[in-house]
């Protein structure tokens with residue numbers, strides 16, 4: 001993986017997260033995958049219910065679904081933030097993104113006090129959707145709502161963060177997913 005744009009302190013955090021994953025017993029890794037699978041299964045049930053409501057009552061439920069997904073994720077980001085005195089990009093990484101280190105094959109474009117920019121070259125959620133028989137068209141349709149979770153978490157963790165809608169998502173069929181977060185500190 002490329003680390004040229006990573007500040008040294010942040011590189012140490014990345015390497016520590018990778019070591020934690022590598023040293024995790026296989027049984028615990030299996031539990032991690034089971035948790036991710038449960039999350040996807042819950043999303044699929046929610047998705048199917050929304051599709052059925054839309055069909056049965058001929059109403060647009062997707063605005064409400066996006067709002068609920070974002071609010072739930074935002075609240076989760078706020079809960080994560082309570083575990084930290086500071087709410088910078090390093091704390092966001094530790095609280096949220098480090099959980100995917102060792103699994104998602106992350107390429108770091110830039111990581112310092114002001115910018116966290118990375119490419120996820122593997123998506124465990126997409127893998128599970130594929131394993132559960134979801135077609136590329138179905139995954140593409142689900143992607144924006146599913147991936148909205150990360151953006152809600154980021155915003156809830158620190159409202160001073162600016163996120164940029166990803167131009168690429170593996171779930172949409174792209175070869176990688178992008179995350180770009182900037183920290184605009186209040187002066």
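FYI, it's all coordinate maths here, none of it is from the lab. What you see is a predicted model, and the numbers here were worked out from it, not measured in a lab. In this analysis, Cβ positions are derived from the backbone assuming ideal geometry, glycine residues included, and neighbour counts consider all displayed protein chains.
If I fit a long axis through the Cα atoms of helix 8-23 and take the longest principal axis of the Cα atoms of the chain, what angle between them do I get, 0 to 90°, rounded to 10?
60
Can you classify the range 1-69 as rounded, prolate or oblate using the Cα gyration tensor, where a ≥ b ≥ c are the square roots of its eigenvalues, rounded means a/c under 1.5, and otherwise it's prolate if a/b beats b/c and oblate if not?
oblate
Take the alpha carbon atoms of the range 1-76, find their center, do the same for the range 109-136, and report the distance between the two centers in whole angstrom.
If we compute the Cα centre of each part, the gap is 9 Å.
If I stretch the segment between residue 26 and residue 62 completely, what's the gain in nm (0.36 nm per residue apart, minus their alpha carbon distance), one decimal?
Full-extension gain reported as 9.1 nm.
Which peptide among 133-141, 72-80 comes first, and what is the full order, when sorted by highest mean count of other Cβ atoms within 10 Å?
Order by mean packing, descending: 72-80, 133-141.
Pick out which of 39, 107, 71 has the largest mean-square fluctuation in a Gaussian network model of the chain, springs linking Cα atoms closer than 10 Å.
Most flexible of the set in this elastic network: 39.
In degrees from 0 to 90, rounded to the nearest 10, what is the angle of the helix 136-157 Cα long axis to the longest principal axis of the chain?
50
For 110, 22, 4, what's the fewest-to-most ordering of other Cβ within 10 Å of each Cβ?
4, 22, 110
Which whole-number percentage describes the relative contact order of the chain, with Cα contacts under 8 Å and a sequence gap of 6 or more?
RCO, the chain: 28 percent.
Is the shape of the range 8-183 best called rounded, prolate or oblate, per the rule: a/c under 1.5 gives rounded, else a/b larger than b/c gives prolate, else oblate, with a ≥ b ≥ c the square roots of the Cα gyration tensor eigenvalues?
It is prolate, given that a/c is not under 1.5 and a/b is the larger ratio.
Given points 7 Å out from each Cα along the Cα-Cβ axis, report the residue 71 to residue 39 separation in nanometres with one decimal.
Spacing of the two 7 Å Cα→Cβ label points: 2.1 nm.
Can you put 50, 45 in order of Cβ neighbours within 10 angstrom, beginning with the fewest?
Sorted ascending by nearby Cβ count, the order is 45, 50.
Just subtract the alpha-carbon distance of residue 85 and residue 162 from 0.36 nm times their residue separation and send over the number in nm, one decimal.
Here the segment from residue 85 to residue 162 would lengthen by 25.7 nm.
Taking Cα atoms, how many degrees apart are the long axis of helix 26-57 and the longest axis of the chain, rounded to 10 and kept between 0 and 90?
40
Calculated from DSSP H runs of 4 or more alone, at -39500 (n - 2.57) each and per residue, what is the 222 nm mean residue ellipticity of the chain, nearest 500?
-19000 deg cm²/dmol
Got a sec? How would 82, 66 order by Cβ neighbour count within 10 Å, fewest to most?
Fewest to most other Cβ atoms nearby, the residues stand as 82, 66.
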